[in-house]
Structures are given as structure tokens and as C-alpha cells.
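For reference, the structure is listed below as C-alpha cells.
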Amino acid sequence: MRMQMKDPVKVIREALAKALVFYYPFAGRLREWPNRKLLVECTAESILFIEADADVTLEQSSDALELPFPYFEEMLFDVPGSSETLNCPLLLVQVTRFKCGGFALALRVNHTVSDAPGFVQFMSGVAEMARGKQAPSVLPVWERHVLNARSPPSVTCIHRVYDEVEDNKSTRLLAKLEFH
């Protein structure tokens, strides 16, 4: 079945649901623990998903699609309490259908839990699943323990930038050039 015959809201909602199986932390909530340590609690509360319909066609609003975008609030409704950093959904998605059959996809992600490349990887997986794949072609890696320091810590690489050098006129001049 061709995409223009499918409801984009249904396709995107289903693709997000499938992708969240692999990217399950997005369905959780960011919590603060002692000593201001942040962690994602996998609560399975899920993301916020908004379905909307616009009473115009894309052609009618084509002038408004350039920056600054005057209908920003309509394209991404700010659900009360959802824009905080802690204890709220980590992802807000709104799909707005236009009368012509076109649609707009608006997203708000909690940047604390995902950088841009990671979020692009997630959205690429969503797109693949919207096209019928059963799993993202690039699976996420949740091996956070590899970021832990060794116990006890050990030096595995010599970084020459930290070598001590003799303090003389040329090193002071070099330091001034590099740091000022």
C-alpha cells in the first residue's frame, strides 16, 4: 500500500512504539539521585504523542513555513508539565495532518539523555520501522559500564600535553600564545 493512502499519524505512532522496544530509555523518566547524579528510570510511562489536524493545506500555509515560523505553538503543543528536565516525558512527538494529505512531524527531546547523533540514530530507526522493517539497522548499545573508570585507576596512554617542561622565556611565550 502506498504511503499517501496510509494515515501518517497511525504509521508514525506504530513505528515509534516498535522503535521504543529497542530504545526503551526514551520511555522512562529522568530522575535526580543523591549528589545530583542523573539517571533514567525505565518506568515504561512512554513518550507523549499528540495527533492534530490543521484546517489548511500545505500550499495555503507555504509562506508561513519559512523562519520565523508563526505557527510553532500549533505544530508542537507544550503539554503542561512536559517541558521540565526531571520527572517528565523524555520525548514529545506531534503529527499534524493537513487537509491536502500532507503532514508535519514536530519533536522535542530531552537533550540530557541523547545527543544529536544518538537522536538521529533513533529517528532513523523509527523511519525504517515506518517503512516496514522489524528492527533498526543500527541497534543501540546500552553498555554504560564501559564508561566506568578502572578500579584501581591505571594509565594506559601517555598524553604528551601533560608533560612537565622547563620554565623559561620560550615556554612562557608559548603558553601565552596557546591560552590567550
Once you place label points 7 Å from the Cα toward the Cβ at Arg31 and Leu139, how far apart are they in nm? 2.7
Computed FRET value (nearest 0.05) for Tyr24 with His159, which takes r as the C-beta separation and R₀ as 45 Å: 0.75
Rounded FRET efficiency, nearest 0.05, which uses the C-beta distance separating Leu147 from Phe77 and R0 of 41 Å: 0.70
So, for region 73-134, what is the accessible surface per residue at a probe of 1.4 Å, expressed in square angstrom? 53
What figure, in Å² to the nearest 10, do you get for the accessible area of His159 with a 1.4 Å probe and non-protein molecules left out? 110
Under the Karplus relation with 6.51, -1.76 and 1.60 and θ = phi - 60°, whole-Hz ³J(HN,Hα) for region 152-163, x at Gly and Pro, equal x, x, 9, 7, 10, 8, 8, 9, 4, 4, 9, 5
Below 8 Å between Cα atoms, with a sequence gap of 6+, how large is the relative contact order for region 20-129 in percent? 28
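The values are calculated or read from the model by the stated rules, or taken from the named source; none is laboratory data. Because the structure is a prediction, the values reported are computed rather than measured. Glycine gets a Cβ as well: all are built from the backbone with ideal geometry, and neighbour counts include every protein chain shown. These accessible areas exclude ligands, DNA and RNA; they are computed on the full protein's heavy atoms, side chains included. Shrake-Rupley method; radii C 1.70, N 1.55, O 1.52, S 1.80 Å.
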